[in-house]
Amino acid sequence: MEIEDIALAFTPGLGVKGCVHLLETFGSARGIFTATAEELTGKAELRPDIARSILARDGFGAAEKEMAHCRRHGITPVASTDENYPPLLREIPDYPHVIYVQGDPTALCGTMISMVGTRGRTSYGERMCRELVAGLAERVHGLCVVSGLAFGIDGDCHRAALACGAATVAVLANALPGVTPSAHASLAREILASGGALVTELHSRTRQNGSFFLARNRIIAALSAGTIVVESGSTGGSLVTAQYADSYDRTVMAVPGRATDTTVSYTHLRAHETELHLV
């Protein structure tokens, strides 16, 4: 990780896909900032105003402050060009160049399974979380359960992993060291104490406006080779996560629901034409 990596995210006019494009063109953040104006506007086909921001190193002041923030709060920034960047996350077309990790960054490179579901889960969904995670932990060495720390199924999945001694990673839609929802701050501490991690793509100067949850779901889907939807209504973030996983050519699985429940993952995933496997 170099300061150029964080400075790239703070460069005006560059979004996630813009960073990916430049990295594919120049190979590294340092290569981007050492490029000439002609290379930036010609080879990379950047708008002149963005090229000027790169040449003027406009993002470096904010990047230095961000690195100081990370040091104060025990946050590890990891760039996509670092060896310990999650390999499956790097495969997607809109990967975040820098992720911010609290806890053990190596937890993000284990044998990972993503598990998501509704906030309004039933007792059946809660039980299935416990049984699925416990069964997987017995069979899969080094299992790590990925979810979003939300109320309902997400929280149940994290707790199930903690209960059986498996690692777990929470992907947040806010900047660290904060935790959303705040009611899960104690759960987040348990995750860290157990050797897991909290991860986000958002830097500390991100303005929270409630628009980051869907983008966060792509990271949940991308970190794992497979995603399990435990329970879901006909709409909601867990179906978005399943659709992301399907678009990334990952395995999508669903727990068969009871016929009397409104949160039946199999039925709703079929309605959304997502290829899935029953678990």
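The values are calculated or read from the model by the stated rules, or taken from the named source; none is laboratory data. Remember, predicted model here, so these are calculated numbers, not experimental data. Glycine also receives a Cβ, built like all others from the backbone with ideal geometry; neighbour counts cover every protein chain displayed. Accessible surface areas use protein heavy atoms only, side chains included; no ligands, DNA or RNA. Shrake-Rupley method; radii C 1.70, N 1.55, O 1.52, S 1.80 Å.
Worth a mention:
- Residues (assigned to a helix (DSSP H, G or I) and in contact with a strand residue (DSSP E or B) (Cβ under 9 Å, 6 or more places away or on another chain)) located in segment 20-35: 29
- Test: residue 170 is modelled with pLDDT of 95 or more and either more than 28 Å from residue 91 (Cβ to Cβ) or in contact with a Lys or Arg (Cβ under 7 Å, 6 or more places away or on another chain) (or both): no
- Residue under evaluation residue 189, criteria (1) within 16 Å of residue 145 (Cβ to Cβ); (2) at pLDDT 95 or above; (3) open to solvent by 30 Å² or more (accessible area, probe 1.4 Å); (4) not hydroxyl-bearing (Ser, Thr, Tyr), criterion not met: (1)
- Close contacts from segment 35-50, counting a first residue that is more than 13 Å from residue 24 (Cα to Cα) and a second that is open to solvent by 20 Å² or more (accessible area, probe 1.4 Å) and among the charged types (D, E, K, R), with Cβ to Cβ under 9 Å and a gap of 6+ residues or different chains, come to 35/43; 37/52; 41/47.
- Some residue of segment 59-79 being open to solvent by 10 Å² or more (accessible area, probe 1.4 Å) and either at pLDDT below 95 or among the β-branched types (Val, Ile, Thr) (or both): yes
- For segment 36-51, filtering for residues that are outside any helix (DSSP H, G or I), within 16 Å of residue 14 (Cα to Cα) and either in contact with a helix residue (DSSP H, G or I) (Cβ under 6 Å, 6 or more places away or on another chain) or open to solvent by less than 80 Å² (accessible area, probe 1.4 Å) (or both) leaves 2.
- Residue 175, sole failed condition from (1) surrounded by 23 or more Cβ atoms within 10 Å (Cβ to Cβ); (2) aliphatic (A, V, I, L, M); (3) in contact with a Leu (Cβ under 6 Å, 6 or more places away or on another chain); (4) in contact (Cβ under 8 Å) with a residue 60 or more places away in the chain: (1)
- Residue count for segment 102-120, restricted to those that are over 16 Å from residue 224 (Cβ atoms) and crowded, with 23+ Cβ neighbours inside 10 Å: 3
- Selection status of residue 24, within 29 Å of residue 114 (Cα to Cα), at pLDDT 95 or above and open to solvent by 20 Å² or more (accessible area, probe 1.4 Å): yes
- Residue tally, condition under 27 Å from residue 89 (Cβ atoms) and either open to solvent by 20 Å² or more (accessible area, probe 1.4 Å) or in a helix (DSSP H, G or I) (or both), over segment 126-148: 13
- Boolean, residue 95 is buried (at least 21 other Cβ atoms within 10 Å of the Cβ), in a loop (DSSP other than H, G, I, E, B) and modelled with pLDDT of 95 or more: yes
- For segment 9-19, the set of residues classified as assigned to a helix (DSSP H, G or I) and either farther than 15 Å from residue 99 by Cα or of a type in the set (D, E, K, R) (or both) consists of 17, 18, listed by residue number.
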